[in-house]
Amino acid sequence: MWKNYDTMKKLYFLPVAGFVFFACSSNNSARNETGVSAVLPDEISEVQAMLLEYTDFQHELIANGTVSANKADLRFQTSENIVAIYVKNGDRVKKGQKIAMLDQFKLKNNLAQAKDNLDRAYLDLQDALITQGYMHGDSAQVKKEILKIAKMRSNYPQTLNQYELSEYNYRNSILYAPFDGVVANLFTQVYNFPNTAEPFCTIIDDTREADFKILESELPFVHVGDKVQVSPFSVSNYICEGRISEINPSIDKNGMVRLKAAIHNASRQLYDGMNVKLKLQRSLGRQLVIPKEALVLRSNKKVVFTLKNGKAQWVYVQTGLENASGYVVTDGLVAGDSVIYEGNINLAHETPVKLKKL
């Protein structure tokens, strides 16, 4: 009889235990359906928090580009022996300063001979006009057709062209700097003949521009005059400023737009063709901005923990634009919230926290 009683007691309490287990499971399921569960650590976590408020936000775009400079390629027009080179690569020159000179002996003789031929052709032209009844030096009164025939018979146009060419070659036998700048790409030696198909050297002035590209989708965020920071890859801890000077109104096949930025007070550390990184900055007014460290991803959703009554509160947020240090919050937070930005990696909803002492 007692054995039957024990058996009946077990059968009686079995559904009750199952019911209690089911009820507990139901409560856990209901709590998990909210998307946040409280997992409380044994020790109180230390965090750093900030009071969220509206601040000036600088929108930033990062792009890579190259430095370009205003430059002039200097060339000799004739192939004569180089008798003097007054500069070397890297020398700074002033506008009008001598760069190099050719042997001028043949050029002087050619110019003198061309001048004699021109004088003789001019006399022949005057004789031809006199035979037509015009006085010497009265060419302004000559009919166009008669003047044209007289010039052709005297060979005056051809000798004038030869004289102008000889004068041009003689005048360009000396190269001068067209503006203040630096000498570059000078590789020819004295007593050699210049290669007229290639520049003798290049003069680069002190102005600098940065050529770079941005995505088509980023175009609405940039305007001519926007501030730009330029830093070369080869020089650490060096930054110079500039502003966007040109936006090409065309998009290439890769969906990129080409821009130029004028660099202010460019130092000699920025060489023509140097690779640089550009950071474009534009003020978008006052926004709610959180540090990038404050944002964590949970199940591919953006989450920020706020501090309230000594506990971390799990908050889903939406963000907009970003820069190097923060995100603009568009939904989920309001001004005055206390946002945790340090010690938030392993937090859960309603985890007890305390502020870290500095």
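A few remarks follow.
- Once the 1.4 Å probe is applied to the protein heavy atoms, the chain comes out at 64 Å² accessible per residue.
- Of 178, 199, 220, the one that fluctuates the most in a GNM where the chain has Cα springs shorter than 10 Å: 220
- Taking the centroid of alpha carbons for each part, the range 58-107 and the range 271-339 are 50 Å apart.
- The range 248-358, relative contact order in percent, only Cα pairs under 8 angstrom and at least six apart counted: 23
- Relative to the current alpha-carbon distance between residue 127 and residue 83, full extension at 0.36 nm per residue lengthens the span by 11.5 nm.
- Relative contact order (percent, whole number), the range 41-132, Cα cutoff 8 Å, 6+ residue spacing: 19
- Modelled FRET efficiency - R0 51 Å, residue 224 with residue 189, Cβ distances, 0.05 increments: 0.65
- Rounded to whole numbers, the Karplus 3J(HN,Hα) couplings from phi for the range 143-149 are 5, 4, 5, 5, 5, 5, 5 Hz, using 6.51 cos²θ - 1.76 cosθ + 1.60 with θ = phi - 60°, and x at Gly and Pro.
- Matching label, Rg and Dmax of the Cα atoms in Å computed from the structure shown, candidates (i) 41.6, 164; (ii) 21.6, 66; (iii) 18.6, 55: (i)
- Highest mean packing first, where packing is the average number of other Cβ atoms within 10 Å per residue, the peptides 81-91, 345-355 line up as 345-355, 81-91.
- Take every pair of alpha-carbon atoms less than 8 Å apart whose residues are at least six positions apart; their mean separation over the length of the range 163-286 yields a relative contact order of 24 percent.
- The label point for residue 233 and the one for residue 205, both projected 7 Å from the Cα toward the Cβ, are 2.9 nm apart.
- Using the average count of surrounding beta-carbon atoms within 10 Å as a protection proxy, the listed peptides 293-304, 249-260 rank, highest first, as 293-304, 249-260.
- Approximating the spin labels as points 7 Å out from Cα along Cα→Cβ, the residue 106-to-residue 73 distance works out to 2.4 nm.
- Residue 216 versus residue 119: modelled label distance in nm, points set 7 Å from Cα along the beta carbon direction: 7.0
- Taking all protein chains as shown and a probe of 1.4 angstrom, residue 272 keeps an accessible surface of around 60 Å².
- In this structure, the residue pairs whose Cα-Cα separation is over 20 Å, taken from 95/115; 277/301; 213/260; 279/301; 253/279, are 95/115; 277/301; 279/301; 253/279.
- Relative protection proxy for 204-215, 57-68, from highest mean packing down: 204-215, 57-68 (other beta-carbon atoms within 10 angstrom).
- Per-residue accessible area (protein heavy atoms, 1.4 Å probe) orders 153, 92 as 153, 92, starting from the largest.
- Each 10 Å bin from zero holds the following percent of Cα-Cα pairs in the range 223-358: 10, 28, 23, 21, 15, 3.
The values are calculated or read from the model by the stated rules, or taken from the named source; none is laboratory data. Please read these numbers as outputs of a predicted model, since none were measured by experiment. Here Cβ is always computed from backbone atoms with ideal geometry, including for glycine, and neighbour counts include all displayed protein chains. We work out accessible area using only protein heavy atoms, side chains counted, and drop any ligands, DNA or RNA first. Shrake-Rupley method; radii C 1.70, N 1.55, O 1.52, S 1.80 Å.
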